[in-house]
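Undergrad: Mind looking over this structure? Questions follow.
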Amino acid sequence: MGGQESDLESFIYTDSAPAGPVSITTISYDGSRVDEQTQVLPESLPDLTLRPAVTWIDVDGVHDGDLLRTIGDVLGIHPLTLEDIENTRQRPKIEDHGDYLYVAIRMLFPGSDGRFRSEQVSLVLGNRYVITFQERPGDLFDHIRERLRAGTGRFRTAGADYLFYALLDTIIDGYFTVIEVFWERIEGVEEEVIAEPDKETLQAIYALKRSLIAFQRVVWPLRDVAVELERGESSLIGDATLVYFRDAYDHTIEVVEAVETYRETVSGTLDIYLSSQSSHMNEIMKVLTVIATIFIPITFIAEIYSMIFTYMPGVAHPWGYPAALTSMVAVAIAMLIYFRKKGWI
C-alpha cells in the first residue's frame, strides 16, 4: 500500500504551466465548410468573429499577460475577465457581461503517470464565437474537433451556444472517469482494511480523503454555474440549446452526489479501521491481563517461600521445592480452566 498511498496523496495535482510561446488556433464552420487556422495573430481575430460562420478560438497558454490584453482589446473582453483568465486558481464560476458569457472551470484528465492533471479552462461565449483559454496544449476536445471536421452531429448546423455547451459537457463528463478511478481505489482500501490493515492503510485512507476534498473543491461550485446556464437568462443561449444545458446540470449533480457518497464511504472505512485497531488492541490487552492475573498467585507463592526465616514449614523438607512448583502449576491450570469457562479466553 505504500506506493499506492504516495499516488493517492497527489492523485489530483496542479503543476505550473510551461512558459513557452502562446499559440492561437481557430476553427470556423457552418453547414457547408470548415476552415482551420494555426498560429493566428490576435489582430486577425475580429475579422474571424465577424463572419456569419461560428468560430472557435483556442488559446493555449495564459502566462503572457501582454498577449492576453491584446486579445481582450481586439475582442472586447473586460480587463477584470482577463485577470480571472490569467489567475489560474479560480473557483468555477460564471459571469454574464451582456455581450459575452465567461465561465471558469477546471479540467481533469489522465496523465502518463496514472494521476489526473488539473488545469483551469476559461470559456468565453460571444454572439458567433467561443474562446477557450487553456494553460497548456493538450485537452479533452479532440472528439469535438473530429466531429466538426466530419460534419457529424448538430455542430455544423447549430450556433456558438451549442459549441459552448459541448465544451463544458466534455469537461464535466471527464469527471466521471475520475470518479471511476476513485471508486476502484476506495474498494482496494476497503479490502485492505478488512484483510490486514496496517499503518500504511491508514495513510492511504487519509490520502484518499485529501484527494476527495481536492476533487470536491473542483465540482462543488460548478453547481452554481450549471444552475445559471440551465435557467437560460442570457440572450446568447437559444431556447433550442437550453435542454442540453439541463442535461449538463444533471451530470453535474451526479458528480457532486458521487463525491459526497465517496467521502462518506471513506469516513466509514476510517471508522472501520479504527474499530479494528481498537479491537486488536483489546485482544492484546486481554491476553496480557490473563497472563498477569495467572502470575499473581504464582508470585504470591514464590514470595512466601522467598522469605528468610529459621523455622519455616516445608523449607527443609526434601519435597518442598517440587511441592511449591507443583502448586504453582496447579494454580495456573485451575485459573486457565476458569477463564475458559467464563469465555474470557
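Since every read-out is calculated from the coordinates, none of them should be taken as a lab result. Only a predicted model underlies this, so the values are computations on that prediction, with no experimental measurement involved. Cβ atoms come from the backbone with ideal geometry, glycine included; neighbour counts cover every protein chain shown.
Undergrad: Using each residue's phi in region 179-193, evaluate 6.51 cos²θ - 1.76 cosθ + 1.60 at θ = phi - 60° and report the 3J(HN,Hα) Karplus result to the nearest Hz, with x for Gly and Pro.
TA: Calculated HN-Hα couplings, in order: 4, 4, 5, 4, 5, 4, 6, 5, 4, x, 5, 4, 4, 5, 5 Hz.
Undergrad: Now for a separate question. Through the Karplus equation 6.51 cos²θ - 1.76 cosθ + 1.60, θ set to phi - 60°, convert the phi angles of region 135-144 into ³J(HN,Hα) values in whole Hz; use x for Gly and Pro.
TA: In residue order, the calculated couplings are 6, 7, x, x, 7, 9, 9, 4, 5, 5 Hz.
Undergrad: Considering amide H positions built from the backbone, and no H for Pro or chain starts, which residues 5 or more places from residue 109, or on another chain, come under 5 Å of its amide H?
TA: 117
Undergrad: Can you tell me the dipole magnitude for the chain around its Cα centre, using point charges on the Cβ only (Lys, Arg +1; Asp, Glu -1), in Debye to the nearest 20?
TA: I would put it at about 1520 debye.
Undergrad: Sorting 155, 116, 133 on the 10 Å Cβ count, fewest up front, what's the list?
TA: Exposure proxy ranking, most exposed first: 155, 116, 133.
Undergrad: While we're here: I need the calculated FRET efficiency for the pair residue 80 and residue 339, taking r as the beta carbon distance and R₀ as 45 Å, to the nearest 0.05.
TA: Details: r = 76 Å, r/R0 = 1.69.
Calculated transfer efficiency: 0.05.
Undergrad: Between residue 66 and residue 47, what length comes free when the chain is fully extended (0.36 nm per residue of separation minus the Cα-Cα distance, one decimal in nm)?
TA: Full extension from residue 66 to residue 47 adds 4.8 nm.
Undergrad: Here is a follow-up. What is the spin-label model distance, in nm, from residue 327 to residue 231 if the labels are put 7 Å beyond Cα along the C-beta direction?
TA: About 9.0 nm, to one decimal.
Undergrad: Rank by packing, highest mean first: peptides 32-41, 65-74, 205-214, with packing defined as the count of other Cβ atoms within 10 Å averaged across residues. Mind showing how you got there, number by number?
TA: On the way: 32-41: 11.8, 65-74: 16.1, 205-214: 19.6.
Per-residue mean Cβ counts within 10 Å order the peptides as 205-214, 65-74, 32-41.
Undergrad: Can you list residues from other chains, or at least 5 along the same chain, whose modelled amide H is less than 5 Å from the amide H of residue 129?
TA: Correct list: 55.
Undergrad: Right, something else. Report the label-to-label distance for residue 89 and residue 109 in nanometres (one decimal), using points 7 Å from each Cα along the Cα→Cβ vector.
TA: Taking the simple label geometry, residue 89 and residue 109 are separated by 2.5 nm.
Undergrad: A further question follows. Calculate, in nm to one decimal, what residue 285 and residue 34 gain on full extension: separation in residues at 0.36 nm each, minus their alpha carbon distance.
TA: Contour length minus Cα-Cα distance gives 82.8 nm.
Undergrad: Restricting things to Cα coordinates, could you compute the convex hull volume per residue of region 90-200 in Å³? Walk me through the intermediate numbers first.
TA: On the way: hull volume 15.8 nm³, N = 111.
With only Cα atoms used, region 90-200 gives 142 Å³ per residue.
Undergrad: Which of the listed residues, 238, 205, 290, is farthest toward the dipole's positive end in the chain, when Lys, Arg count +1 and Asp, Glu count -1 at the beta-carbon?
TA: 290
Undergrad: Using only Cα atoms, find the angle between the long axis of helix 320-342 and the longest principal axis of the chain, and express it within 0 to 90 degrees, rounded to the nearest 10.
TA: 40 degrees
Undergrad: Taking 0.36 nm per residue of separation and subtracting the Cα-Cα distance, what length does fully extending residue 143 through residue 260 add?
TA: In short, 39.1 nm is gained.
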